[in-house]
Structure formats: structure tokens, C-alpha cells
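Down below is the structure, laid out as C-alpha cells.
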Amino acid sequence: MVPDSTTSIPAAPPTASRDESGRVARSNDAVITAIRAHHGQLAEQLRAHVDAAVNAARSGAYGGERDALVDWCRSELLPHASAEEQALYRPAANLEPTRLLIAAMIAEHRALERLVNDLAFASDSAQVSGQAVATQALFAVHLGKENDLLLPALDQAGVNLSAVLHGMHEILGGPSEDPKPATGGADRINVSPAGDPHSDMLTIGAAGAWSDWRSIVAPRDDGPDVAVLHESAELKVVLVALAAGQALPAHPGPAASFHILSGTGAVVIDEVAHPVSAGATVIAASGTRRSVRAASALVFLGNLGEPAAEEGPH
Ligand SMILES: [Fe+2]
Ligand SMILES: [Fe+2]
């Protein structure tokens, strides 16, 4: 059994050992303590970003802090959520006592993604403050479920958390434990490039899998609905839903493709409008200015190479 989480979480005790394959193996207690500690770090970092964004919003000059908060969420919070869906939530989804809990927690992950995407488009002080505080509040409730319900339930069910997580430090926090990347696992490979500051990061081989885009985004009257499905140094994949009449602002960017999943409208490349409907694909060359306009409610999948070169809204 594991203790309940507290607001002050001690560092993981040094109880690591190596199993017969040489991998680091830790007791469930040690793994749960590490996860809770990492949750505490994420909550504290989010609090600092939200405080900064709210304070900046009071002065009206919120752009930098809003963007810093969005960047942090996309580089820390959402990858954490994605990694645990692939590893931690999988066994829990197959256990009767936690099946409904996992369904609710995955829905909370989607809600967090929406809040972050809305925050990226927030264009006045009230919106920035509201979205930022809502993100913090939802994450706090979500962490409580993971710390106090999910982790003890997995422990009680006898799930070997060390084997399930296998040193995934997006979830465990701290440096990668294994001297070599995991190559034996069916669903995990090291895909970070040499020289990347996160080159020791283990990511999911299938970096994400979604059975139906309709469960992720939907056209909304209050603005574009954007979900970042994947982001790495080489590739960014976004799902975007626009209501009729909405458009993404024109901006320059790297080579990109736009595949229209539903609706009608136009992909505009360097001022030339290319009419599109469901099934159409438009490829934008590197450096061109691009925007997407919806004539009727429109959803598209966008793939961007070299995401750092993007100067757009997401
Ligand atoms: Fe989560
Ligand atoms: Fe978590």
C-alpha cells in the first residue's frame, strides 16, 4: 500500500535495483512516490506560469506570459498527459475498478488540451486570466485523482508500475534511468535527435494514435478549435476545426500539408485561394504565407515540418 499524497512530497527513495535484463526496477511505492513528486513539480511550475500570466493580464501586457504558459503546457504538461495515456492508463482501462475513472481522466486530458489551445488564442486580459486559472484548477483536480485514486488502485490490483513505465521520465520526473534507450519494448523508441536538449527522452514509438478525429475537435462559434496531436523538432501535427466564416490568420511557415477532413473553404497560399472540400490536400512550400478559411464548418489535419520556423498562432 502507498501513503496518501501530501502537498509536500519527498523525493523518491533510492530503492532502485536492476532486473534480470539489466533494466532499473523499483517497487510500486518508490514509483508512486516519484510520480507524485513529479506531479508536485508540474503543479508548482504551472502555478508560477499562471500567476505570471494573470499578473501580466492585469497590466494589459499579457502576450509574453500567455505565450510562455502555452509553451510550457505544450512542452511539459501535455506530453506528460500523452505519455501516461500510452503507459499508465492502458492497464487501468482494462481493470474493472478503474475503467470508468480512466474514461473520465482521458476526457479531462482532452479538456486540458482545449483550455491550452483556447489560451493560445486568448486576445484580451479577461480571457487570458480565465483560461489560465481554469487550466490550473482542472489540472489540480486531475492530479488529485491520479495521486489518490488511480495510483493506489493500480498498486492494489498488483500492476508492476516499474515495468509499465520503464523509466519514462515524462511521468516519473528526473533524468532517464536507463543507460541505453529502450529498444525491446513494443511501443517505445528513442526518437530524439542527437544534440537535442531532450536527447535522452524516451518517447512513444507510435507517438500517438487516435481512432476518430471527431472525438477531438469540433467547430465552435467562439473561435477555432485546435488540438496539437504531436510536436517534435521535426514534425508538428494539428487538428483544426473552424466554424463557417472563421479563418486562421495568414502567416509564413515551414513546408506544410493541409488535408481537409470535412467541410468546404479555401487554403490560401501567398494570396492565392485554393478552394477545398473534404478529401482535398494542399501542400504549402517552405516560406510561403498560408491561411485556411472555412465557407462551411471545416476540419483539417495540418502537418508542419520544422515547427520552430512557424510564425503562426499555434
Ligand atoms: Fe493525467
Ligand atoms: Fe499525471
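The values are calculated or read from the model by the stated rules, or taken from the named source; none is laboratory data. No experiment lies behind these values; they were computed from the predicted model shown. Note that each Cβ is placed from the backbone with ideal geometry, even for glycine, and that neighbours are counted across all protein chains shown.
Of all residues in the range 267-292, those being out of contact with any Ser or Thr (no Cβ under 8 Å at 6 or more places or on another chain), surrounded by fewer than 19 Cβ atoms within 10 Å (Cβ to Cβ) and assigned to a strand (DSSP E or B) number 5.
Surrounded by 17 or more Cβ atoms within 10 Å (Cβ to Cβ), more than 23 Å from the chain's Cα centre (by Cα), over 19 Å from Val70 (Cβ atoms) and not assigned by TED's automatic domain parsing to the domain that holds Ala81: does that describe Gly245? It is false that Gly245 is surrounded by 17 or more Cβ atoms within 10 Å (Cβ to Cβ), more than 23 Å from the chain's Cα centre (by Cα), over 19 Å from Val70 (Cβ atoms) and not assigned by TED's automatic domain parsing to the domain that holds Ala81. Restricting the first member to the range 139-154 and to residues that are on the phi < 0 side of the Ramachandran plot, and the second to residues that are not in a helix (DSSP H, G or I), the beta-carbon pairs closer than 7 Å and six or more apart or on different chains are Asn147/Ser5; Asp148/Asp4; Asp148/Ser5; Leu151/Val2; Pro152/Val2. Among the residues of the range 48-84, how many are at pLDDT 95 or above and of a type in the set (Phe, Trp, Tyr)? Going through the range 48-84 one residue at a time, the tally reaches 1.
Residue-wise test of (1) of a type in the set (S, T, N, Q); (2) under 18 Å from the mean Cα position of the chain (by Cα).
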| site | (1), (2) |
| --- | --- |
| Ser82 | yes, yes |
| Leu100 | no, no |
| Glu113 | no, yes |
| Ser123 | yes, no |
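Annotation note: of Gly64, Gly60, the sole residue that is more than 13 Å from ligand 1 (Cβ to nearest atom), without any contact (Cβ under 8 Å) to a residue 60 or more places away in the chain and out of contact with any Lys or Arg (no Cβ under 9 Å at 6 or more places or on another chain) is Gly64.
How many residues are at pLDDT below 95, more than 11 Å from ligand 2 (Cβ to nearest atom) and touching a helix residue (DSSP H, G or I) at 6+ places or on another chain (Cβ under 7 Å) when one looks only at the range 32-47? Number satisfying all stated conditions: 2. Scanning the range 136-165 for residues that are more than 14 Å from ligand 2 (Cβ to nearest atom) and in contact with a Lys or Arg (Cβ under 7 Å, 6 or more places away or on another chain) gives Gln136, Ser162. Within the range 105-124, which residues are away from ligand 1 (no atom under 16 Å from the Cβ) and among the aliphatic types (A, V, I, L, M)? Correct list: Leu119, Ala120, Ala122. Residue count for the range 251-266, restricted to those that are touching a His at 6+ places or on another chain (Cβ under 9 Å) and outside any strand (DSSP E or B): 0.
Give the range 227-248 a look and list any residue that's under 19 Å from Ala297 (Cβ atoms) and modelled with pLDDT under 85, or say none. Explain how you work it out, then say what you get.
Going through the range 227-248, the residues under 19 Å from Ala297 (Cβ atoms) turn out to be 227, 238-248.
Answer for the range 227-248, where residues must be under 19 Å from Ala297 (Cβ atoms) and modelled with pLDDT under 85: just Ala227.
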